[in-house]
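Presented below is the structure to which this report refers.
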Amino acid sequence: MEMGFYFYTACCFLVIFSKASTAIDTLSQSDSLTDGMTLVSGDGSFQLGFFSPGSSKNRYLGIWYNNIPMQTVVWVANRVNPINDSTGLLKIQSNGKILLLVQNTTAVWCANSTARVENPVLQLLDSGNLVVRDGKDSEPENYLWQSFDYPSDTMLPGMKIGIDLRTGLHRRLAAWKNWDDPTPGDLTYGVELEGTPEMVLRKGSEKFYRSGLWNGDGFSGTPNLRSNPIFDYDFVWNENEVYYIYSLKNKSVMSRFVLNQTQSVRQRYTWNPETQTWKLFSIMPSDLCDRSGLCGPNGDCDNNKLPACQCLTGFRPKWLERWNSSDWSDGCIHSKPLNCKSGDGFIRIGKVKTPDTTNSWVNKTMNLKECRAKCLRNCSCMAYTNLYVTRG
């Protein structure tokens with residue numbers, strides 16, 4: 001009896017151990033993923049599978065955090081084509097094309113790779129990125145397709161939000177329509193190139209929040225964010241691409257930022273292991289003055305003043321009655337006609353977000369003195385500034 005007891009315990013251990021070790025992160029051409037099955041990234045951080053959001057009964061293929069009890073979805077494949085039963089099936093073809101099928105016949109979502117290889121595989125990486133690659137090549141620059149190029153409502157560390165100027169690929173976040181429906185809402189976030197590149201949150205066609213210009217050390221609209229303890233970030237702008245990216249200072253910390261359609265905001269969260277909840281770390285827009293264009297042209301917004309909108313020195317409200325009724329959208333005009341060729345000059349304004357960059361112009365080789373001189377020669381030029389404060 002004693003030997004039998006120990007033998008049975010050992011067998012149980014081996015069975016449990018074997019079952020735990022069957023988690024895979026890769027799908028080959030001979031495999032398929034059905035509803036109820038999942039891929040788990042190598043380090044166990046993320047999981048790919050079918051899920052139903054909120055109270056919905058629709059099924060979606062998505063990626064979520066694997067090692068926390070609260071299911072938090074970070075990417076959805078078939079956002080606009082839900083599956084209404086449990087017959088969803090995911091597979092990768094010999095040409096590298098990813099297919100999401102219903103009843104193994106009707107495609108509700110697909111993704112084509114940019115090149116052809118002999119042995120394409122689909123792999124869920126530790127970063128939460130789902131990639132198609134050559135089975136013998138794991139170099140990131142050689143990925144044939146990746147979910148990070150087609151984000152949903154969430155930005156993860158290592159993901160680029162921006163534009164590849166060589167291919168025209170535009171990586172942009174779009175909020176879920178609501179908690180039960182991942183269909184893209186009208187709240188979007190991405191890089192806009194008109195004028196000088198900056199990050200813009202839009203609600204429909206309306207600019208709702210702007211980051212302000214990147215000055216080499218941070219965005220002018222969030223000057224204190226650089227010293228945060230959670231993440232480092234960068235804004236890359238060259239002849240090939242323009243994008244925003246962030247990385248975690250401590251790899252054990254989970255942090256993401258997500259668009260919230262209901263509140264029309266961009267929120268950053270960090271996971272609190274003690275309370276087992278997501279803790280709000282920051283929110284944009286954070287206050288009234290973060291609203292894009294609130295005070296109109298030549299207006300300055302200050303939450304510590306009443307009213308919050310004031311005209312800049314030398315300007316007056318364009319429409320006084322509207323201004324006095326707290327409609328500041330038309331902004332301010334010069335108190336007297338501008339005479340830029342005979343003595344009118346500039347007043348320095350500090351600690352403000354750079355204005356809308358739509359009608360701005362940039363020269364990366366010109367110094368500040370030369371920039372001032374050029375602005376003075378052009379009567380339509382209203383202001384000038386350094387592009388990068390890190391270069392003096």
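Look through the range 358-374, keep the residues that are of a type in the set (S, T, N, Q) and touching a residue at least 40 places away in the same chain (Cβ under 8 Å), and return whichever of them is nearest to residue 215 (Cα to Cα).
Among residues in the range 358-374 that are of a type in the set (S, T, N, Q) and touching a residue at least 40 places away in the same chain (Cβ under 8 Å), the one nearest to residue 215 (Cα to Cα) is 360.
Could you go through the range 199-211 and let me know if any residue there is aromatic (Phe, Trp, Tyr), more than 13 Å from the chain's Cα centre (by Cα) and over 30 Å from residue 131 (Cβ atoms).
Within the range 199-211, one or more residues are aromatic (Phe, Trp, Tyr), more than 13 Å from the chain's Cα centre (by Cα) and over 30 Å from residue 131 (Cβ atoms).
Which residues, taken from the range 135-145, are buried (at least 19 other Cβ atoms within 10 Å of the Cβ) and not in a loop (DSSP other than H, G, I, E, B)?
Correct list: 145 only.
Does residue 328 satisfy being assigned to a loop (DSSP other than H, G, I, E, B), in contact with a Pro (Cβ under 8 Å, 6 or more places away or on another chain) and of a type in the set (Phe, Trp, Tyr)?
So residue 328 passes the test.
Quick one: in the range 198-219, of everything that is part of a loop (DSSP other than H, G, I, E, B) and open to solvent by 10 Å² or more (accessible area, probe 1.4 Å), which residue is nearest to residue 286 (Cα to Cα)?
For the range 198-219, the residue satisfying everything is 213.
Among (1) touching a Lys or Arg at 6+ places or on another chain (Cβ under 9 Å); (2) open to solvent by 60 Å² or more (accessible area, probe 1.4 Å); (3) in a strand (DSSP E or B), where does residue 223 come up short?
(3)
Would you point out the residue of the range 221-234, among those that are without any contact (Cβ under 8 Å) to a residue 24 or more places away in the chain and not polar (S, T, N, Q), that is farthest from residue 149 (Cα to Cα)?
Applying the filter and picking the extreme gives 229.
Which condition number in (1) in a loop (DSSP other than H, G, I, E, B); (2) open to solvent by 40 Å² or more (accessible area, probe 1.4 Å) is the one that residue 292 fails?
Checking residue 292 against (1) in a loop (DSSP other than H, G, I, E, B); (2) open to solvent by 40 Å² or more (accessible area, probe 1.4 Å), the one that fails is (2).
Residues are listed down the side, and each one gets a yes or a no for (1) closer than 23 Å to residue 259 by Cα; (2) surrounded by fewer than 21 Cβ atoms within 10 Å (Cβ to Cβ):
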site: 110; (1), (2): no, yes
site: 116; (1), (2): no, yes
site: 119; (1), (2): no, yes
site: 122; (1), (2): no, no
site: 128; (1), (2): yes, no
site: 154; (1), (2): yes, no
site: 157; (1), (2): yes, yes
site: 160; (1), (2): yes, yes
site: 175; (1), (2): yes, no
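Quick one: which residue in 276, 263 is free of Cβ contacts under 8 Å to residues at least 40 places away in the same chain and surrounded by fewer than 20 Cβ atoms within 10 Å (Cβ to Cβ)?
263
Which one is modelled with the highest pLDDT, of the residues in the range 207-239 that are of a type in the set (Asp, Glu) and more than 22 Å from residue 251 (Cα to Cα)?
239
The values are calculated or read from the model by the stated rules, or taken from the named source; none is laboratory data. For clarity, every value in this text was computed on a predicted model and none was experimentally measured. Note that we place each Cβ from the backbone using ideal geometry, even for glycine, and neighbour counts take in every protein chain shown. Quick note on the areas: whole protein, heavy atoms, side chains included, nothing else; ligands and nucleic acids left out. Shrake-Rupley method; radii C 1.70, N 1.55, O 1.52, S 1.80 Å.
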